[in-house]
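Asks: Sharing a structure below in structure tokens format, with a few things to ask.
The values are calculated or read from the model by the stated rules, or taken from the named source; none is laboratory data. What you are looking at is a predicted structure, and each value in this text was computed from that prediction instead of being measured. Using ideal geometry, Cβ is built from the backbone for each residue, glycine included, and neighbour counts are taken over all protein chains shown. In case anyone asks, the SASA skips ligands and DNA or RNA and just uses the protein heavy atoms, side chains included. Shrake-Rupley method; radii C 1.70, N 1.55, O 1.52, S 1.80 Å.
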Amino acid sequence: MRKTLGWLLSLVVLIGTMGAAGSTAQAATAAGPAAATDIKDQILGIPGMSLIEEKPYPGYRFFVLNYEQPVDHRQPWKGTFKQRLTLLHKDVSRPTVFFTSGYNVNTNPRRSEPTTIIDGNQVSMEYRFFTPSRPDPANWANLDIWQAASDQHRLFAALKKTYTKNWLATGGSKGGMTATYYERFYPRDMDGIVAYVAPNDVVNKEDSAYDRFFNKVGTKECRDRLNAVQREALVRREPLEAKYAAAAAENGWTFTTVGTLDKAYEAVVLDYVWAFWQYSLLADCSTVPAAATASDQEIWDTIDAISGFSAYADQGLETYTPYYYQAGTQLGSPDIKQPHLKGLSRYGYQPPRNFVPRSIPMTFQPAAMADVDRWVRNNANQMLFVYGQNDPWGAEPFHLGYGVRDSYVMTAPGANHGANVAKLLDGERTLATAKILQWAGVAPAAALADTGKAAPLAAPDAQLDQRDLEREPQLRP
């Protein structure tokens, strides 16, 4: 379906804009008989689709749904599972955004930034193997990026018959990775991709980019302050681990997967600096205690607030087993040197294998990310990557080669893992907005003539537009 020539798109949109006065009647005519059928009935008429619940929201219809998917798209006769999704319905005459977080789906009405920009519909899909969207029994070999992209492709094909206008895929972090992988395997489905803060770990064993990042991010004063707290937490390992054991007993935390409380404690502490830059801003450095004079409780509190002591307990890991499995089989995972912890760290950055139950076999596939990286460099077409300057996950970003078309990599200054189009510098912000509008087929004539005039089409909505940036202590995108 993609992608028409730019001049033709401009002409079509311009004509459509000039004829706006009669657009309502024309849309009703174009919709034909389907317009007379309630949207819920249309959606539930799709084979394999079932309703979990409908939640009211002004100006929209919002549905939580299940869609029956093959456990293995290569062998669809070998069983199915129910994959959870949500649908924020605006109007079938509007374009649609396909949103993925890469994790569980939020079952409350939410609108991603591209959905706000284009004033469209939004389909949000839960990633396979995140409960309850997990086959039973679970053959973990069926959890890979191609199977997940095939989930999206199959759902898109089913919904495209109702939502016939342009589609964009988007997501942040692992969701941005997911949108990119979908484009790699099914490049004819979407009319554009907006991938936020998407890591690109091409060679898993080569992580020097992260070391360079942590040597220059923010200011030296802030880096030294964070490093000192992290080091102090290992110097005071004995009294702080006693607090950890007490907290574990109180909360029922166990450490079977990672092995010991000591391993879990160090994993939390080693996340501290990374997690600070992932979720905090340079201005937040003033809240970090001075390690030399801080009490044990102050060290505990800052580590818990930034990293979270529940992170590597079995109860904290269980929800994210599918992520750690993918990190250890295809996505890769970072490793950094942290020389300021020399002589204190017993385990270093632990591999994903340590965070997945041993009953689940794992074998790393080094070609998976290299394939995606090569494809993006050579074939990206109408793709936008947005990164945050101070986000560690942006240390290994996607890059664009000479063969790409109408694609961009932009960086929001001073931004963390919550970077988005709105945080870009003025020129890049309006260019990105204009491109999203164009790819969706709804760019006003003014934005086509001058990208500086591009702006979101939907009115702001504080509840609907809040970004669910998962404030998760574990080291993951």
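Asks: If you roll a 1.4 angstrom probe over the protein chains with everything in place, what fraction of the accessible area of the stretch 30-102 belongs to carbon and sulfur, to the nearest %?
Replies: 55 percent
Asks: Of Lys82/Lys160; Lys78/Lys205; Lys174/Lys453; Lys40/Lys82; Lys40/Lys453, which ones are farther than 26 Å apart at the Cα? Don't skip to the answer; put the middle values down first.
Replies: Numbers: Lys82/Lys160 20 Å; Lys78/Lys205 36 Å; Lys174/Lys453 31 Å; Lys40/Lys82 18 Å; Lys40/Lys453 36 Å.
Where the Cα-Cα span goes over 26 Å, the pairs concerned are Lys78/Lys205; Lys174/Lys453; Lys40/Lys453.
Asks: Related question: Would you mind getting the Kirkwood hydrodynamic radius of the chain from its Cα pairs, rounded to one decimal in Å? Could the numbers behind the result be given before it?
Replies: Working: mean 1/r = 0.0423 Å⁻¹.
With all distinct Cα pairs of the chain included, I get 23.7 Å.
Asks: Here is a further query. Of the trypsin sites (Lys or Arg not before Pro) in the stretch 388-477, which ones lie in a loop per DSSP and count no more than 15 other C-beta atoms within 10 Å?
Replies: Working: sites: Arg405, Lys423, Arg429, Lys435, Lys453, Arg467, Arg471; in loops: Arg467, Arg471.
Loop-located and lightly packed - Arg467, Arg471.
Asks: Tell me the angle of helix 426-440 to the major Cα principal axis of the chain, expressed in degrees between 0 and 90 and rounded to the nearest ten.
Replies: 50 degrees
Asks: Another question about this same structure. Rg (Å, one decimal) plus Dmax (Å, integer) for the alpha carbons of the stretch 47-202?
Replies: Cα radius of gyration and Dmax of the stretch 47-202 are 14.6, 44 Å respectively.
Asks: For the stretch 92-131, state which trypsin sites (Lys or Arg not before Pro) are in a DSSP loop and have at most 11 other beta carbons lying within 10 Å of their beta carbon. Write down the numbers at each step before the final one.
Replies: Values: sites: Arg110, Arg111, Arg128; in loops: Arg110, Arg111, Arg128.
Answer by residue number: there is no such site.
Asks: Same structure, new question: Relative contact order (percent) for the stretch 211-298, with alpha-carbon contacts under 8 angstrom and 6 or more residues of separation? List each step's numbers first, then the result.
Replies: On the way: 46 pairs, mean separation 41.8, N = 88.
The normalised contact order for the stretch 211-298 reaches 48 percent.
Asks: Can you give me the relative contact order of the stretch 241-379 as a percent, contacts being Cα pairs under 8 Å and 6 or more apart? Can you show the working numbers first?
Replies: Details: 113 pairs, mean separation 41.8, N = 139.
So the answer I get is 30 percent.
Asks: What is the Cα centroid distance between the stretch 175-212 and the stretch 364-389, reported in whole angstrom?
Replies: Taking the Cα centre of each part, the stretch 175-212 and the stretch 364-389 sit 5 Å apart.
Asks: Evaluated at 20 °C with a viscosity of 1.002 mPa s, what Stokes-Einstein diffusion coefficient in µm²/s does the stretch 215-347 have when Rh comes from the Kirkwood expression over alpha-carbon pairs?
Replies: 138 µm²/s
Asks: Heavy-atom accessible area per residue, the chain, 1.4 Å probe: how many Å²? It would help to have the intermediate numbers written out before the result.
Replies: Values: 20140 Å² over 477 residues.
Spelled out: the 1.4 Å probe surface of the chain, per residue, equals 42 Å².
Asks: When you have a sec, figure out the Kirkwood radius of the stretch 151-297 from all distinct Cα pair distances and drop it here in Å to one decimal? Kindly include the intermediate steps, with their values, before the conclusion.
Replies: Numbers: mean 1/r = 0.0520 Å⁻¹.
After inverting the mean inverse Cα-Cα distance, the result is 19.2 Å.
Asks: Sorted from largest down, what three extents in whole angstroms do the Cα atoms of the stretch 282-397 have along their principal axes?
Replies: Rounded to whole Å, the extents work out to 54, 40, 29 Å.
Asks: Per the helix-only calculation at 222 nm, which mean residue ellipticity applies to the chain, given -39500 (n - 2.57) for every DSSP H run of n ≥ 4 and division by its residues, nearest 500 deg cm²/dmol? Present the calculation step by step, with values, prior to reporting the outcome.
Replies: Working: 16 runs with 174 residues, N = 477.
It comes out at -11000 deg cm²/dmol, rounded to the nearest 500.
Asks: Return the carbon/sulfur percentage of the accessible area of the stretch 188-305, one whole number, probe 1.4 Å, all protein chains in place.
Replies: Details: 2590 of 5050 Å².
The computed percentage sits at 51.
Asks: Find the relative contact order for the chain and round it to a whole percent, using C-alpha pairs within less than 8 Å whose residues are 6+ positions apart. It would help to have the intermediate numbers written out before the result.
Replies: Working: 877 pairs, mean separation 83.7, N = 477.
Relative CO of the chain lands at 18 percent.
Asks: Scan the stretch 232-330 for trypsin sites (Lys or Arg not before Pro) in coil per DSSP, keeping those whose Cβ has at most 11 other Cβ atoms within 10 Å, and list them by number.
Replies: Working: sites: Arg236, Arg237, Lys243, Lys263; in loops: Arg236.
For trypsin sites (Lys or Arg not before Pro) across the stretch 232-330 that sit outside H, G, I, E and B with at most 11 neighbouring Cβ atoms in 10 Å, the list is empty.
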